[in-house]
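Just so you know, all these numbers are worked out from the coordinates, no wet-lab data involved. Quick caveat, the model's predicted, so the values are computed rather than measured. Reconstructed Cβ throughout: ideal geometry from the backbone, glycine too, with neighbour counts over all protein chains shown.
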Amino acid sequence: MVTARVRDGRSAASPLLVMPLLTLLAIFFLIPLGTVVVRSFTYPADAGLANYVRVLTDPVSLQYAGNTFRMALIVTVLAVIIGYFYAYAMYKSRPGWRIFLLFAALLPFWTSLLVRSFAWTVILRDTGIFNQLLIGLGLIDEPIPLLRTSFAVTVGMTQILLPFVILPCWAAMARVDAGLLSASRSLGAGPVATFWRVFVPLTAPGAAAGAVLTFILAVGYYITPVLLGGPADQPIAVLIESAVQQRGDWGTAGALATLVLIAVVLLLAAGWGLLARAFLSRKEA
Amino acid sequence: MTRSIEQTVQPTKSLSHGDPERSMPKGRRAGFSLRWWWIVPTVLIVVLLLLPSLVVIPMSFSPSEILTFPPTGFSMKWYENFIEDPQWTKAIGNSFAVALVTSVFAALIGTPAGIALGFRRWRGQGIVLALLVSPVIVPPMVIAVGMYVTYAQFDLTGFWGLVAAHTMLVTPFVVVTVIASVSQINPAAADAARSLGAAPFTVITRILLPLALPGIISGMLFAFVTSWDEVVVALYLTDPGFKTLPVVMWDQLRERVDPTVAAIATILLLITILIMIVVLLRGRRRKVGN
């Protein structure tokens with residue numbers, strides 16, 4: 001910077017400006033979370049670690065935990081493959097088509113999650129469009145039961161979380177310096193080598209950020225698995241819900257919630273650098 | 001394949017010039033993007049993305065409870081049902097009120113935080129930012145259970161309870177969008193104002209806020225839509241006398257397939273598409289203008 005600074009203008013943006021939000025966040029968000037954690041040790045009063053021991057040795061909660069993380073992993077892998085491909089299609093398209101593809105990626109973002117989960121129940125049920133289409137094409141005679149299966153949850157959650165991968169991938173691709181690609185080509189690399197050895201490494205952080213975000217969000221999903229899944233697809237959130245609503249068992253609910261919270265915080269800590277880079281495109285001073 | 005040196009050294013930052021294939025002669029470019037193995041999967045993904053949003057349209061006009069394909073007739077009865085049933089109209093009003101108040105609060109407390117985080121570097125910034133955006137990341141069920149037990153102790157349920165909860169959930173969107181727009185501001189503008197005697201408060205109100213306005217507005221839009229659509233926390237904090245639209249929808253969907261939901265979804269979809277077209281076209285015009 002050449003400008004001689006008589007007074008630093010940045011000082012106007014005092015860090016104290018975060019205090020109102022931080023205070024309210026402490027009262028209305030952190031204290032409630034803290035209460036859940038505290039209850040996991042104090043309900044019943046002499047619980048100590050008993051709730052954790054019970055939850056971690058209970059085959060039911062382990063199975064629900066397995067459901068949650070297995071589904072999150074499958075959905076993340078699918079979303080990254082499909083989302084990266086789609087973002088690359090946007091990158092390769094003409095501007096007009098690119099706007100359309102961006103529109104198609106954003107529309108679900110703005111459509112109610114509840115409505116989309118509901119729409120999948122309509123599409124996938126025995127008399128739904130999907131089975132009608134397969135029967136109409138003569139591929140099957142009897143409708144295949146799709147609703148209340150892992151397939152339905154996988155499709156529904158992948159569709160819902162796809163924009164969270166497409167957008168950071170696309171943002172990373174739009175920033176790629178085309179000169180590097182030209183350089184690679186003119187130095188003798190073929191299109192395939194240029195793609196894998198120049199383009200993919202440059203855009204991988206965007207895809208990784210999308211993957212981290214998708215996985216973290218998928219772990220917390222409740223609505224979609226409940227509406228689309230069968231008994232073997234229900235996530236931990238369902239277990240927390242039933243502990244609170246049906247049994248008033250705050251100890252179990254608290255222990256489960258705390259364990260989920262720990263998992264999410266660890267994931268966030270691991271992926272924070274990637275997320276901050278992809279979603280907060282801050283200009284370095 | 002050889003390429004001229006100008007293409008290699010061209011500064012290529014803008015989107016429309018970002019692709020080397022693009023700067024090639026027209027025929028070759030078309031050749032690449034028109035391969036079937038490229039188009040077919042893209043079309044399939046577009047179908048996957050749009051189908052759930054669009055399938056509600058034929059369903060909302062179907063005369064029967066069950067959506068048959070192709071549709072067997074045309075009926076507006078689900079729309080009439082929606083307009084005549086006070087349960088739905090009341091829920092829409094409640095949702096709108098909560099989302100509106102929530103997004104205003106989010107802007108009021110999120111904007112200063114975004115300015116502090118985006119315009120200046122300070123120690124501990126990363127931790128504070130992670131803390132501020134954490135409500136988006138923590139599973140909704142965990143938040144809902146915690147708020148349920150805490151807020152109930154202070155009788156904070158219904159409208160104000162939900163506004164408090166949603167404000168926490170959606171403020172991160174305002175913080176992030178304000179950071180993005182404030183970090184684009186040239187600090188020299190603020191330096192000049194300070195040097196010419198402006199107080200820090202004046203710098204914020206006269207320079208930073210006007211320039212951050214697009215970020216604040218898009219953050220509020222995100223905040224509004226997220227609050228409008230939020231189910232899990234709302235299930236815990238609403239009561240029988242005060243239900244929001246997603247809560248009523250959820251009650252209906254758990255019992256049976258109610259095409260009234262499809263009718264409402266269709267109306268919301270049309271509003272969404274209109275807003276998106278306006279936003280996308282405006283964004284495009286701005287880009288062309290530059």
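What translational diffusion coefficient, in µm²/s and rounded to a whole number, does the Stokes-Einstein relation yield for the range B:79-129 at 4 °C and a viscosity of 1.567 mPa s, taking the hydrodynamic radius as the Kirkwood radius over Cα pairs?
After rounding, the answer is 93 µm²/s.
Give the average, rounded to an integer, of partner chain Cβ atoms located within 10 angstrom of each Cβ in A:118-131.
Mean shielding by partner chains, rounded to a whole number: 5.
Can you compute 3J(HN,Hα) from phi for each residue in the range B:158-174, using the Karplus curve 6.51 cos²θ - 1.76 cosθ + 1.60 with θ = phi - 60°, rounded to whole Hz and x for Gly and Pro?
For the range B:158-174, the Karplus curve yields x, 4, 5, x, 5, 4, 4, 5, 5, 4, 5, 6, 9, 4, x, 5, 5 Hz.
Would you work out which of A:V212, A:G229, A:V192 lies farthest towards the positive end of the dipole of the range A:186-285? Charges go on Cβ: Lys and Arg +1, Asp and Glu -1.
Value computed over the given set: A:V192.
So what is the orientation-averaged projected area of the range A:27-178, using the convex hull of its C-alpha atoms, in nm²?
Averaging across all directions leaves 15.1 nm² for the Cα convex hull.
When the helix-only estimate is applied to chain A (DSSP H runs of n ≥ 4, each -39,500 (n - 2.57), divided by the residue count), what is the mean residue ellipticity at 222 nm, nearest 500 deg cm²/dmol?
My calculation for chain A gives -23000 deg cm²/dmol from helical runs alone.
Just the number: Rg to Rh for the protein assembly as shown, Cα atoms, Kirkwood Rh, two decimals.
Ratio of gyration radius to Kirkwood radius for the protein assembly as shown: 0.98.
What do you get for Rg/Rh of chain A when both radii come from the Cα atoms and Rh is the Kirkwood radius?
Radius of gyration over Kirkwood radius for chain A works out to 1.06.
Expected output is a single nm value to one decimal: the length gained when fully extending between A:I99 and A:R54, i.e. 0.36 nm times separation in residues minus the C-alpha distance. What is it?
Taking 0.36 nm per residue and subtracting the Cα distance, the gain is 10.9 nm.
Is there a quick way to get the dipole size of the protein assembly as shown? I mean about its Cα centre, with the Cβ of Lys and Arg at +1 and of Asp and Glu at -1; what is the value in debye to the nearest 20?
2840 debye
Which three extents, in angstrom, do the Cα atoms of the range B:93-256 have along their principal axes, listed largest first?
Principal-axis extents of the Cα atoms in the range B:93-256, largest first: 64, 31, 28 Å.
Does a label point 7 Å from the Cα of B:I275, set along Cα-to-beta-carbon, have any residues of the range B:217-253 with amide nitrogen under 16 Å, and which are they?
B:217-231, B:245-246
Order by neighbour count: A:R7, A:R197, fewest other Cβ atoms within 10 Å first, most last.
So the residues, fewest neighbours to most, are A:R197, A:R7.
Rank the residues A:T127, B:T167, B:T260 as a footprinting-exposure proxy: fewest other Cβ atoms within 10 Å of their Cβ go first.
A:T127, B:T260, B:T167
B:K90: which aspartates and glutamates have alpha carbons under 16 Å from its alpha carbon, excluding same-chain residues fewer than 8 sequence positions away?
Counting by Cα, and skipping residues close in sequence, B:K90 has these aspartates and glutamates nearby: B:E80, B:D229, B:D239, B:D251.
Could you tell me the extents of the range A:34-115's C-alpha atoms along the three principal axes, largest first, rounded to whole Å?
66, 24, 21
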